[in-house]
Amino acid sequence: MLKSIVTAVPDYLPLNSQEFIRHFTNLFTREKFDYWHSYTDYSVILGYSCRTLFEVCLKSFNKDDLVVATTPLHHTSFRNIIEKYVKPENIHIIELNDNYNGLGKLPEIEKCDIVVITHLFGQDMDLSKLSEFKEKHNCIIIEDRVQGGTIDNKFSHKNVDIALYSMAMDKRPIALGGGFMYIVNKHEELISGIKDILQKLPEEKHRRRFKDLLKKIPTYLLYNKRRVLFIFVRLLNLLSLFNKKLTFLYITKSYRKNNPGFSRGYFLYKPSQGLLKSMYENFNKHKEVEMLYTKKYDFFIKCFSPKIISIFFPWYKGNTSLTPYNTILIDDNLVDDFLAFLDEYNISSLPNPTYKLFDISYENRSRYEKFNNGITYLPCLVNMTKEEIVLISKKIKEFYIKFYING
């Protein structure tokens, strides 16, 4: 007898079929689009990717002895870029609070050039604590707001100088590629240096953009089309009768690793006109996506008692989570048990594929290792029915009783 199916995976592309096709037709545009615009208080700069813009930011400082104060967890690419431009002894960790949703102790250092903050779990951390630190060190504050709060706010706090965003496969707003940054206009020299570096980058080839879009077709079908996923999982269940390795968990891990939706290789390009057109068309289309995420997450989190929320979702502040990633925190020694438990019910899940720690030693590193290793992705709520959301919440409660109460 075949097992029941939750027809959702840990990710989602916030666009419909017509919008998906539109990105292909944009490849034929003859229009010319600007890479940046200046407004009264800030400038917006568009790039090939968020990571491209971040690397260009660090590169534009043109210093061999950059000193950075930063939160301990970053997307892999951001961590790698910081380690590329900053010596290990010049990387200083800003502690997170006990719930991992705000800043803790700031490093006591003599000088600091840049503060880099990565917001987590679809909400902003309060950066007001950095105001005095910034005044003391006269440093630049850069925030990775890809997994931050609403984009109605261009910066999460008035003390931020640069805010970075992605428009990649599963982001808001979505252009199936690209990224943008807001930068406060008072940094004229920095803006000029960033523009100069970006202008000299090679332009993304149309052929490359076309191949990237082609690779997203199976992803779009599996992530967004419930019927396609239903058929796929039914077929997988049949094949698993002959090969026990073909589990939903195994396939999910393999697919995410081999087709992550972005290039893990060279990314220092400037966007093609086809990509720029897609970015311009969708630049302000984030509100509908945020409202959808809010509706689904609010329903999901209300399925749990305050006790369970404090254990599995310690970062929850009572507001929503504006990200497709439905994240839960499991004790690091129980993650494999949790993944196997959900796999028994065809509930797709993943161990943390996103965040990494720095390759340096620092106080409380073990605390963040346990936290990072415990981050686990549940199916994205957007593509789930209320019945499926309730089912997953019940399974989480069952796991809690089995491993946290009785275990």
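Here, each number is a calculation from the coordinates, and none is a lab measurement. Note that the structure is predicted; figures quoted are calculated from it, not measured. Reconstructed Cβ throughout: ideal geometry from the backbone, glycine too, with neighbour counts over all protein chains shown.
Here are the numbers:
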item: Positive minus negative residues near SER305 (Lys, Arg vs Asp, Glu; Cβ under 15 Å); result: +3
item: P(r), alpha carbons of the range 216-405 - 10 Å bins starting at zero, rounded %; result: 7, 29, 35, 22, 7, 0
item: Crossing angle, helix 365-374 versus the chain [Cα axis fit, 0-90 degrees, rounded to tens]; result: 50 degrees
item: FRET efficiency for TYR280 and ARG365, using Cβ-Cβ distance with R0 set to 45 Å, rounded to 0.05; result: 0.60
item: Convex hull volume per residue in cubic angstrom - Cα atoms of the range 342-385; result: 92 Å³
item: The range 28-200, relative contact order in percent, only Cα pairs under 8 angstrom and at least six apart counted; result: 25 percent
item: Ordering of 217-223, 301-307, 41-47 by packing [mean C-beta count within 10 Å, highest first]; result: 41-47, 217-223, 301-307
item: Cleavage-rule hits, chymotrypsin sites (Phe, Trp or Tyr not before Pro), the range 229-299, DSSP coil, Cβ neighbours within 10 Å at most 11; result: PHE242, TYR266
item: Evaluated at q = 0.09, 0.13 Å⁻¹: base-10 log I(q)/I(0), Debye formula over Cα of the range 93-222; result: -0.35, -0.69
item: Mean-position separation - Cα centroids, the range 210-263 and the range 117-164, in angstrom; result: 36 Å
item: Listed residue (SER43, THR76, VAL6) projecting farthest to the positive dipole end of the range 1-111, Cβ model; result: VAL6
item: Shape category assigned to the range 45-133 from the gyration tensor of Cα positions, a/c cut at 1.5; result: oblate
item: Computed P(r) (all Cα pairs; the chain; 20 Å bins; percent); result: 26, 57, 16, 0
item: In the range 311-395, GluC sites (Glu not before Pro) in a DSSP loop with at most 16 other beta-carbon atoms within 10 Å; result: GLU344, GLU363
item: The range 322-384-the range 58-100 distance, computed between alpha-carbon centres (Å); result: 22 Å
item: Over the range 112-154 - Rg/Rh using Cα atoms and the Kirkwood inverse-distance radius; result: 1.01
item: Summed residue charge, Cβ within 15 Å of TYR35's Cβ, Lys/Arg positive, Asp/Glu negative; result: 0
item: Helix axis angle, 248-258 relative to the chain longest principal axis, alpha carbon, degrees; result: 20 degrees
item: The range 78-168: GluC sites (Glu not before Pro) falling in loop per DSSP and having at most 14 other Cβ within 10 Å; result: GLU108, GLU110
item: Net charge of Cβ neighbours under 12 Å - reference GLU388; Lys, Arg +1; Asp, Glu -1; result: +4
